[in-house]
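The structure appears right after this line, and notes come after that.
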Amino acid sequence: MSAYIVFTRDKTLDQVELETYATQVKPTLGSFGMKSLAVYGKHEVFEGPAIEGMVIIEFPTMEDATSWYKSPEYQAAREHRFKGAEYRCVLVEGV
């Protein structure tokens with residue numbers, strides 16, 4: 001069953017760190033059967049606090065999503081995302 005990781009950026013803290021993250025995460029993209037569905041496109045918040053942007057990535061399974069997120073390559077890149085902005089990251093199983 002498909003699974004989705006949803007990243008929601010709430011507040012940018014350091015643009016240079018986000019640029020480093022973008023450079024380091026790029027080689028991991030496309031691995032584990034992932035497919036980007038939305039990447040910081042135009043959005044509208046209907047409920048809750050405003051966000052700066054959102055990324056939605058589809059994976060074949062929750063296990064594939066977890067494997068990507070916990071991979072050494074992503075873990076190294078992730079540190080720059082933590083320094084660069086306040087995010088929420090959620091894994092959800094599809095129907």
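Computed from the coordinates by the stated procedures, all read-outs in this text should not be read as laboratory data. As the structure is a computational prediction, the values presented were derived from the model and not from experiment.
Under the definition of Cα pairs under 8 Å and six or more residues apart, what whole-number percent is the relative contact order of the chain? Walk me through the numbers on the way to the answer.
Details: 171 pairs, mean separation 53.1, N = 95.
Rounded, it is 56 percent for the chain.
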(request) Report the full-extension gain for the segment Ala50 to Met1: residue separation times 0.36 nm, less the Cα-Cα distance, to one decimal in nm. (result) 14.6 nm
(request) Taking H placed 1.01 Å from N in the peptide plane, check which residues at least 5 places from Asp14 or on another chain put their amide H under 5 Å from its amide H. (result) Ala85
(message) Using the Cα atoms of region 1-52, I'd like the radius of gyration and the largest Cα-Cα distance, Dmax, both in angstrom.
(response) 13.3, 37
(request) Starting from the amide H of Met54, placed 1.01 Å from N in the peptide plane, find each other amide H under 5 Å away whose residue is 5 or more places distant or on another chain. (result) Arg9, Tyr40, Gly41
(message) If the reach is capped at under 17 angstrom between alpha carbons, list the lysines near Lys83, excluding any in the same chain fewer than eight residues apart.
(response) Lys11
(message) Spelling out what I want: for every residue of region 49-54, take phi, set θ = phi - 60°, compute 6.51 cos²θ - 1.76 cosθ + 1.60 (Karplus), and round to whole Hz; glycine and proline get x.
(response) x, 4, 10, 7, x, 8
(message) Based on Cα coordinates alone, diagonalise the gyration tensor for the chain, multiply each eigenvalue by 5, take square roots, and list the semi-axes in whole Å, largest first.
(response) 21, 18, 10
(request) Per residue of region 79-95, in order, report the coupling 6.51 cos²θ - 1.76 cosθ + 1.60 (Karplus, θ = phi - 60°) as ³J(HN,Hα) in whole Hz, putting x for Gly and Pro. (result) 4, 6, 5, 4, 6, x, 6, 8, 10, 10, 9, 10, 9, 9, 7, x, 10
(request) Convert each backbone phi in region 21-38 into a coupling constant with the Karplus relation 6.51 cos²θ - 1.76 cosθ + 1.60 (shift: θ = phi - 60°), then list the ³J(HN,Hα) values in order as whole Hz, x for Gly and Pro. (result) 4, 4, 5, 6, 6, 3, x, 7, 5, x, 7, 6, x, 6, 9, 6, 9, 8
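In deg cm²/dmol, rounded to 500, what helix-only [θ] at 222 nm does the chain give when every DSSP H run of at least 4 residues adds -39500 (n - 2.57) and the total is split over its residues? Mind dumping the intermediate values first?
Values: 3 runs with 33 residues, N = 95.
Taken over the chain, the calculation gives -10500 deg cm²/dmol.
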(message) For Ala3, what residues show an amide H to amide H distance below 5 Å, using hydrogens built from the backbone and excluding near sequence neighbours?
(response) Phe59, Thr61, Gly94
